[in-house]
Amino acid sequence: MKSYIAAITGASGAVYGIRMLQLLLQQDDCTVHTVISPWAERVLLDETGQSLSKHIDLDTFQKSGRLVIHSHGDMAAAISSGSFLVHGMTVAPCSMATLSAIASGLSNNLIERAAAVTLKERRPLVLMPRETPLSSIHLERMREISLAGGIIMPPVPAFYNHPETIDDIVDQTVRRALHLLGIENIVQKIWRSHEF
């Protein structure tokens, strides 16, 4: 079994975090560790009108051991240690406050600590910042994370797959992020050049 961390912060775009969890939990060979910030819980309610348990059968996945939910403030959680093997981490959506904290090496909560551990252990870290326009401060923090080995992947929609719904756009973006974690056969449609 592989283990992945899927964190959700309070940036707009809670649907990206929900879909990330759903697709990870569809993988038969992985355990998912998740951390949801207090602001993420609020944004989730504001944007979808429902709590996470209405989008995912949390009880079933927790009982099976496939999903482990960690408290945002639990700095003693297993995922805060480099000796606990995980195969990658996503933060989707990733607030600029969280991104800046990770770039600065801060560990004020479990999301920041788990990301710091992921970077220091040279494991894949994919951050999906949801902010626009970007200031030079934002860009510099993103550059620092990229230099440290993290992957900055803003959820920019692709249109070559001819999306018909918002769900199509979200799904394509999240599948691309999971592909960056090394999950194979997750991308539904790839770009093919055309002759004209």
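Miscellaneous remarks
- Under the convention that each Lys and Arg Cβ holds +1 and each Asp and Glu Cβ holds -1, the size of the dipole of the chain around its Cα centre is about 420 debye.
- In this structure, the amide hydrogen of L125, modeled 1.01 Å from its nitrogen in the peptide plane, lies closer than 5 angstrom to those of M89, I151, counting only residues at least 5 positions away or on a different chain.
- Within a Gaussian network of the chain (alpha carbon springs, distance under 10 Å), most fluctuating of I36, I69, I137: I137
- Accessible carbon and sulfur surface of the chain relative to its total accessible area, %, 1.4 Å: 51
- Per residue, the convex hull volume that the Cα atoms of segment 95-196 enclose (Å³): 141
- Restricted to Cα atoms, segment 1-115 shows a radius of gyration and a Dmax of 13.3, 38 angstrom.
- Globularity index of segment 1-65, i.e. its alpha-carbon radius of gyration over 2.2 N^0.38 Å: 1.08
- Normalised per residue, the accessible area of the chain is 52 Å², obtained with a 1.4 Å probe and no contribution from ligands, DNA or RNA.
- Using the Karplus relation 6.51 cos²θ - 1.76 cosθ + 1.60 with θ = phi - 60°, the per-residue 3J(HN,Hα) values for segment 58-75 come to 4, 4, 4, 5, 5, 5, 7, x, 7, 10, 10, 9, 9, 6, 4, x, 7, 6 Hz, with x marking Gly and Pro.
- Backbone N under 20 Å from the W39 label point (7 Å along Cα→Cβ), restricted to segment 73-89: 73-75
- 3J(HN,Hα) from dihedral phi, segment 152-162, Karplus parametrisation 6.51/-1.76/1.60, rounded to Hz, x for glycine, proline: 9, 10, x, x, 8, x, 9, 10, 5, 8, 6
- Total formal charge among the other residues, if their Cβ is under 13 angstrom from that of A103, Lys/Arg +1 and Asp/Glu -1: -1
- Max mean-square fluctuation residue, GNM over the chain, Cα-Cα springs under 10 Å, options L58, L110, L134: L134
- H33 long-range amide H proximity, modeled H, under 5 Å: Y4, I5, A6, V68
- Relative intensity, log₁₀ I(q)/I(0), of the chain from a Debye sum that treats every alpha carbon as a point, q = 0.10, 0.17, 0.19 Å⁻¹: -0.38, -1.15, -1.45
- Amide hydrogen neighbours beyond the local backbone of E131, cut-off 5 Å, H modeled: none
- Each of A148 and S81 was given a label point 7 Å from its Cα along the Cα-to-Cβ line. The distance between the two points is 2.2 nm.
- Residue among S80, S64, S107 with the largest mean-square fluctuation in a Gaussian network model of the chain, springs linking Cα atoms under 10 Å: S64
The values are calculated or read from the model by the stated rules, or taken from the named source; none is laboratory data. On a predicted model such as this, the values are computed, not experimentally measured, just so you know. Glycine also receives a Cβ, built like all others from the backbone with ideal geometry; neighbour counts cover every protein chain displayed. Protein only, heavy atoms only, side chains kept; ligands, DNA and RNA dropped before computing areas. Shrake-Rupley method; radii C 1.70, N 1.55, O 1.52, S 1.80 Å.
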